[in-house]
1. Where a Cα-Cα gap under 18 Å defines reach, which aspartates and glutamates qualify for Lys348, not counting those fewer than 8 residues away within the same chain?
2. Output the pairs from Lys136/Lys298; Lys169/Lys298; Lys19/Lys136; Lys103/Lys298; Lys24/Lys355; Lys24/Lys300 with a Cα-Cα distance over 30 Å in this structure; if there are none, say none.
3. In terms of Cα to Cα distance under 14 Å, which aspartates and glutamates are near enough to Lys431, apart from those fewer than 8 places away along the same chain?
4. Starting from the Cα-Cα distance between Arg322 and Ser190, subtract it from 0.36 nm times their residue separation and give me the gain in nm to one decimal.
5. Taking the Cα centre of the chain as origin and charging only Cβ (+1 Lys, Arg; -1 Asp, Glu), how large is the dipole, in debye to the nearest 20?
6. Students often forget the sequence filter, so: which aspartates and glutamates lie under 18 Å Cα-Cα from Lys235 once same-chain residues fewer than 8 apart are removed?
7. Over the heavy atoms of His549, what accessible area does a 1.4 Å probe trace out, to the nearest 10 Å²?
8. Take peptides 625-632, 147-154, 290-297 and line them up by average Cβ neighbours within 10 Å, highest first, as a rough protection proxy.
Amino acid sequence: MPHLLHGGDYNPDQWLKSKEATWKEDMRLARLAGINTLSVGIFAWAALEPEEGRYEFGWLDEIMDLMAENGISAVLATPSGARPGWMSHRYPEVLRVNGDRSKNRHGGRHNHCLTSPVYREKTLAINTALAERYGKHPALGVWHLSNEYGGECHCDLCQERFRAFLQDKYGSLDELNEAWWTAFWAKTYSDWSHIESPSTHWRGEQDIHGLHLDWMRFTTEQFVDFYLHEAAPLKAITPDVPCTTNLMGTYPGIDYFRLAQVLDVVSWDSYPQWSGTERDVRTGAEAAFHHDLTRSLKGKPFMLMESSPSATNWRPVAKLHRPGVHLLQSLQAVAHGSDTVQYFQFRKGRGGSEKFHGAVVDHEGTENTRVFRDVAEVGARLAELDAVVGTDTPAEVAVVFDWHNRWALDDMKGMLQQKTGYHRTVVDHYKAFWEQGVPTDVIDSSLIAEPGYLDRYKVLVAPMLHMLRPGVAEAVDAFVRRGGTFVASYATGYVDENDRTFLGGFPGPLRDTLGVWCEEIDALYEDDRNALEWDGRSYEAFDLCELVHAETAEVLGTYGADFYAGSPALTVNARGEGQAYFIATRTGEDFLDDFYRGLVASTGVERALAADLPAGVTAQVRTDGQTDHVFVQNLNPTAAAVDLGAEGILELAPFSTAILDRPRPQV
Ligand SMILES: [Zn+2]
């Protein structure tokens, strides 16, 4: 694609009765807003196949032709995200069974069994028909498979498939019993047919953490398999058209690093909860984290498949975008690696639960709205950024976010139950780099363990890496030995990939790398406070304090209170050419900011701008290796200024973006 894509979800099938009045007008409005792509067909199954086997493609032909005439490319969807009523009523096996074993009624969306042969047959048939009919259509740009895959199915068909997955993985029940530690509470399995998915009814087998982990891995594989099933006819008929499915950031139910392996391009739906206040700095950091995670899934530019041009109707408070915020959020996605800015939705529907969700075209129906002008402004700005398409993000820092680790921490009974705060903690560490304008990747253990993968980084940060999957500790140790800087925290290296604890002292296989032995961990009540004393300052410590012996590590900071006052709270271990830091307690952003500021300076990792960025101002870079495009963004509700030295002062209005181009410094 020569241009950044700009557009969004479009449901012409909701306007079939008034298409003469709306469709041509939609094309005019789209062009006026600088829109060059629309996503069609996402929930159109009932319009495409009103009766079993009878396809109605006429309306889609017409709209695809209109789009082509208007220079608008189609992100064409397969319709499996929701299905027509005739299918549920004729073939009840397609309906999902919940964790409590209750069977769903027809309704909603994402409500299908992933195993059901009928559902697979029906999706295969309609996807094949779509590919045959539109494979050569000039409007076709990208395939959008289904929509926001999610949930799980516990029906008998899925149980059978789960057992087959386990048999394939473990080979024998003896291996499975050992991996799951089933001697606990008399859980030993003596027959494969006794194994069931974890049930929410009377906590059925939720205490076998290995079972739960394998269920989550199985569910991920179900989506991978279903995606491949859906993609097969598209790949066969249109091998050159990229396929994607839209992800949801850090949605907990699917390991996106695994799912991303089978996508051609990663896309995701971003809905930051902007407030128009100082809180937007944190909101911006969270949005940036999710963009960087999405980019890192495949290590290349992604698509922002959905975002709201204004209010997000499913939020408890559907606040409007303040002036400037829409452009800010759109350019933020591009700054972090998106090659598209797309919305849910282009035209607001008249009925249903999304009729008050933000849209390019409101119920009022014209271009004379504030939101339309905001969207048109984004369109004009994106049209100037052709040079950014396909460019890279030169990250020398990686922060680890790992789904399997998160599942294990969520299951864990101990420490702070239900409050382990893994996601928040990872964002806290990430934010310290984001605020300094340091390009950062967000990666998982599967990438760490890939041979040579860590070679590209100078700094690796893995907060709360409780689970160490095979190969991770070895790769991290090799990374440190050849000169890398590694940062770990409390609650690291407790369990293996089956959630069985390591024996012989935590942090398990990272003990030599970090040079510490973590003997105990203290959980604090909400009002309890300790302190981390470091570098002449005292920082608040709370929630979790790990009691640490420095073995080969040097003690940099100590606890300020309680029976472990004076014992190590921050250490560094010199190993080979590199070093490994251990932060033993949870702190506020004040400590993380100071600590990582020092680390960025001492390791010399690339910053987007060699300037002191005021609080709430950040910078990101995209580069083709010759030219850097530096996006400087002010997330404050007030004006800010950046001192660029010889190049003068860069003034930034509230919620604004400046894009500076410069030749890339050649090393
Ligand atoms: Zn099922």
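The values are calculated or read from the model by the stated rules, or taken from the named source; none is laboratory data. Just so it is clear, the model here is predicted, and its values are computed rather than measured. For neighbour counting, all protein chains shown are included, and Cβ atoms are generated from backbone atoms with ideal geometry for every residue, glycine included. Areas reflect the complete protein model, heavy atoms only, side chains present, ligands, DNA and RNA absent. Shrake-Rupley method; radii C 1.70, N 1.55, O 1.52, S 1.80 Å.
1. Counting by Cα, and skipping residues close in sequence, Lys348 has these aspartates and glutamates nearby: Asp9, Asp13, Glu20, Glu25, Asp26, Asp269, Glu306, Asp362, Glu364, Glu367, Asp374.
2. Details: Lys136/Lys298 28 Å; Lys169/Lys298 26 Å; Lys19/Lys136 25 Å; Lys103/Lys298 36 Å; Lys24/Lys355 21 Å; Lys24/Lys300 36 Å.
Where the Cα-Cα span goes over 30 Å, the pairs concerned are Lys103/Lys298; Lys24/Lys300.
3. Asp280, Glu286, Asp292, Asp441, Glu589, Asp590, Asp593, Asp594
4. Roughly 41.4 nm would be gained on extension.
5. 1680
6. Lys235 reaches Glu121, Glu132, Asp225, Asp264.
7. Counting only protein heavy atoms, His549 exposes about 80 Å² to solvent.
8. Numbers: 625-632: 17.2, 147-154: 21.2, 290-297: 24.8.
Put in order of decreasing packing, that is 290-297, 147-154, 625-632.
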